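The values are calculated or read from the model by the stated rules, or taken from the named source; none is laboratory data. Everything numeric in this text was worked out from a predicted model, so none of it was measured. Note: ideal-geometry Cβ built from the backbone for every residue, glycine included; neighbour counts use all protein chains shown. For the accessible areas, the whole protein counts, side chains as well, though only heavy atoms, and no ligand, DNA or RNA atoms are used. Shrake-Rupley method; radii C 1.70, N 1.55, O 1.52, S 1.80 Å.
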Amino acid sequence: MATLHNEILINGPIDKIWAALTNLELLEKYDPTVRKSRLISTINASIGAARRVDMQDGKNWFEEKLTVFSKNQLLAFELTACSFPVHKLKHSYTFEPFDGGIRVKQVMEYQVKYGLIGMMLDALVVKKQSDVGIKKFLQGLKFHVENS
(Lines give C-alpha, C1' and ligand atoms only; values in the text may rest on other atoms or scores of the structure.)
Protein backbone atom coordinates (compact mmCIF):
# COMPACT_ATOMS: atom_id res chain seq x y z
CA MET A 1 0.00 0.00 0.00
CA ALA A 2 1.14 3.53 -0.77
CA THR A 3 0.61 6.33 1.74
CA LEU A 4 0.36 10.09 1.20
CA HIS A 5 0.49 12.60 4.06
CA ASN A 6 -0.82 16.15 3.68
CA GLU A 7 -1.84 18.91 6.04
CA ILE A 8 -3.08 22.47 5.98
CA LEU A 9 -3.62 25.25 8.51
CA ILE A 10 -7.14 26.68 8.44
CA ASN A 11 -8.06 29.88 10.25
CA GLY A 12 -11.54 28.90 11.31
CA PRO A 13 -13.46 26.95 13.91
CA ILE A 14 -13.36 23.17 13.94
CA ASP A 15 -17.16 23.04 13.71
CA LYS A 16 -17.09 24.81 10.35
CA ILE A 17 -14.36 22.52 9.00
CA TRP A 18 -16.19 19.44 10.31
CA ALA A 19 -19.47 20.60 8.74
CA ALA A 20 -17.81 21.04 5.33
CA LEU A 21 -16.13 17.63 5.40
CA THR A 22 -19.18 15.73 6.63
CA ASN A 23 -21.76 17.31 4.29
CA LEU A 24 -21.16 14.80 1.50
CA GLU A 25 -22.94 16.85 -1.17
CA LEU A 26 -20.86 19.97 -0.45
CA LEU A 27 -17.58 18.64 -1.89
CA GLU A 28 -18.19 20.22 -5.31
CA LYS A 29 -18.41 23.65 -3.65
CA TYR A 30 -14.80 23.65 -2.47
CA ASP A 31 -12.84 20.95 -4.33
CA PRO A 32 -11.84 22.37 -7.74
CA THR A 33 -11.25 18.87 -9.15
CA VAL A 34 -14.90 17.85 -8.56
CA ARG A 35 -17.78 18.54 -10.95
CA LYS A 36 -20.60 16.96 -8.91
CA SER A 37 -20.99 15.22 -5.56
CA ARG A 38 -24.23 13.55 -4.59
CA LEU A 39 -25.47 11.44 -1.72
CA ILE A 40 -26.15 7.80 -2.67
CA SER A 41 -27.21 6.59 0.77
CA THR A 42 -30.17 7.34 2.99
CA ILE A 43 -27.71 8.23 5.75
CA ASN A 44 -26.05 11.64 5.75
CA ALA A 45 -23.16 12.91 7.94
CA SER A 46 -22.69 9.68 9.88
CA ILE A 47 -21.02 6.27 9.58
CA GLY A 48 -22.35 4.55 6.47
CA ALA A 49 -23.13 7.75 4.58
CA ALA A 50 -22.02 7.39 0.96
CA ARG A 51 -21.54 9.64 -2.04
CA ARG A 52 -20.74 9.48 -5.73
CA VAL A 53 -18.27 12.04 -7.00
CA ASP A 54 -17.90 12.95 -10.68
CA MET A 55 -14.59 14.61 -11.53
CA GLN A 56 -14.12 17.79 -13.58
CA ASP A 57 -12.52 15.84 -16.43
CA GLY A 58 -15.96 14.37 -17.24
CA LYS A 59 -14.74 10.77 -17.38
CA ASN A 60 -13.49 9.82 -13.91
CA TRP A 61 -15.63 9.18 -10.85
CA PHE A 62 -15.56 7.46 -7.49
CA GLU A 63 -17.90 6.31 -4.74
CA GLU A 64 -16.95 6.33 -1.09
CA LYS A 65 -18.50 5.88 2.32
CA LEU A 66 -17.86 7.32 5.76
CA THR A 67 -16.30 4.66 7.98
CA VAL A 68 -15.08 6.63 11.01
CA PHE A 69 -16.96 9.55 12.54
CA SER A 70 -15.65 10.87 15.84
CA LYS A 71 -16.93 14.44 15.92
CA ASN A 72 -14.21 17.08 15.59
CA GLN A 73 -11.50 14.45 16.19
CA LEU A 74 -11.28 11.78 13.50
CA LEU A 75 -13.00 11.23 10.17
CA ALA A 76 -12.34 8.51 7.58
CA PHE A 77 -13.69 7.53 4.17
CA GLU A 78 -13.21 4.32 2.19
CA LEU A 79 -13.51 3.91 -1.55
CA THR A 80 -16.25 1.51 -2.64
CA ALA A 81 -15.98 1.88 -6.45
CA CYS A 82 -14.08 4.04 -8.94
CA SER A 83 -12.83 4.58 -12.48
CA PHE A 84 -9.24 5.13 -11.31
CA PRO A 85 -6.58 2.39 -11.38
CA VAL A 86 -6.99 1.95 -7.63
CA HIS A 87 -8.16 -1.19 -5.87
CA LYS A 88 -8.38 0.04 -2.26
CA LEU A 89 -8.28 3.53 -0.86
CA LYS A 90 -8.86 5.05 2.56
CA HIS A 91 -8.38 8.67 3.60
CA SER A 92 -8.58 9.89 7.16
CA TYR A 93 -8.51 13.30 8.82
CA THR A 94 -7.35 14.49 12.22
CA PHE A 95 -7.61 17.98 13.66
CA GLU A 96 -5.23 19.89 15.96
CA PRO A 97 -5.81 23.39 17.36
CA PHE A 98 -3.22 26.08 16.61
CA ASP A 99 -3.28 29.88 17.23
CA GLY A 100 -7.04 30.30 16.79
CA GLY A 101 -7.24 27.89 13.89
CA ILE A 102 -7.01 24.20 13.08
CA ARG A 103 -4.29 22.05 11.55
CA VAL A 104 -6.08 19.50 9.33
CA LYS A 105 -4.02 16.40 8.63
CA GLN A 106 -4.97 13.91 5.95
CA VAL A 107 -3.50 10.46 5.47
CA MET A 108 -4.43 8.58 2.31
CA GLU A 109 -3.57 4.90 1.90
CA TYR A 110 -4.23 3.17 -1.38
CA GLN A 111 -3.41 0.11 -3.43
CA VAL A 112 -3.26 0.23 -7.22
CA LYS A 113 -4.78 -2.30 -9.61
CA TYR A 114 -2.90 -4.29 -12.28
CA GLY A 115 -0.05 -5.78 -10.22
CA LEU A 116 3.47 -4.84 -11.35
CA ILE A 117 2.20 -2.64 -14.18
CA GLY A 118 0.02 -0.79 -11.66
CA MET A 119 2.99 -0.27 -9.34
CA MET A 120 4.98 1.24 -12.20
CA LEU A 121 2.02 3.42 -13.15
CA ASP A 122 1.77 4.50 -9.51
CA ALA A 123 5.45 5.45 -9.37
CA LEU A 124 5.24 7.40 -12.63
CA VAL A 125 1.80 9.03 -12.49
CA VAL A 126 -0.80 8.02 -9.91
CA LYS A 127 1.02 9.06 -6.73
CA LYS A 128 1.98 12.48 -8.11
CA GLN A 129 -1.48 13.19 -9.53
CA SER A 130 -3.15 12.06 -6.31
CA ASP A 131 -0.93 14.31 -4.22
CA VAL A 132 -1.61 17.32 -6.46
CA GLY A 133 -5.36 16.62 -6.25
CA ILE A 134 -5.25 16.38 -2.45
CA LYS A 135 -3.41 19.69 -2.21
CA LYS A 136 -6.05 21.37 -4.42
CA PHE A 137 -8.80 19.84 -2.27
CA LEU A 138 -7.20 21.09 0.97
CA GLN A 139 -6.64 24.58 -0.46
CA GLY A 140 -10.29 24.65 -1.55
CA LEU A 141 -11.41 23.54 1.92
CA LYS A 142 -9.30 26.28 3.49
CA PHE A 143 -10.71 28.96 1.18
CA HIS A 144 -14.28 27.73 1.76
CA VAL A 145 -13.97 27.75 5.56
CA GLU A 146 -12.11 31.06 5.80
CA ASN A 147 -14.28 32.95 3.29
CA SER A 148 -17.85 31.74 3.74
For peptides 86-98, 134-146, sequence by mean Cβ density within 10 Å, most packed first:
134-146, 86-98
Write down the accessible area per residue of the range 6-148 in Å², having rolled a 1.4 Å probe over the full set of protein chains.
53
Add -39500 (n - 2.57) for each DSSP H run of 4 or more in the chain, then divide by its residues: what number comes out at 222 nm, to the nearest 500 deg cm²/dmol?
-8000 deg cm²/dmol
Quick one: what are the phi-derived ³J(HN,Hα) couplings along the range 74-79, Karplus 6.51/-1.76/1.60 with θ = phi - 60°, whole Hz, x for glycine and proline?
8, 9, 9, 10, 10, 5
Semi-axes of the equivalent ellipsoid of the range 41-89: what are they in whole Å, largest first, if each equals the square root of 5 times a C-alpha gyration tensor eigenvalue?
22, 12, 9
Compute the normalised compactness of the range 76-124: alpha-carbon radius of gyration over 2.2 N^0.38 Å, N being the residue count.
1.54
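What does the extension gain come out to for Asn147 and Ala19, with contour length at 0.36 nm per residue minus their alpha carbon separation?
44.6 nm
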Under the Karplus relation with 6.51, -1.76 and 1.60 and θ = phi - 60°, whole-Hz ³J(HN,Hα) for the range 123-139, x at Gly and Pro, equal 5, 8, 9, 4, 4, 5, 5, 5, 5, 4, x, 5, 4, 5, 4, 5, 5
Net charge around Thr33, counting only other residues with Cβ within less than 11 Å of its Cβ (Lys, Arg = +1; Asp, Glu = -1)?
-1
With all protein chains present, the chain has a carbon and sulfur share of its accessible area (1.4 Å probe) in percent of 55
Hydrodynamic radius of the range 1-133 per Kirkwood, over alpha carbon pairs, in Å:
15.5
Would you mind telling me which residue in Val104, Val34, Val132 has the biggest mean-square fluctuation in a Gaussian network model of the chain, where springs connect alpha carbons within a distance under 10 angstrom?
Val132
Test of understanding: in a Gaussian network model of the chain with alpha carbons linked when under 10 Å, which of Leu74, Leu24, Leu124 would top the mean-square fluctuation ranking?
Leu124
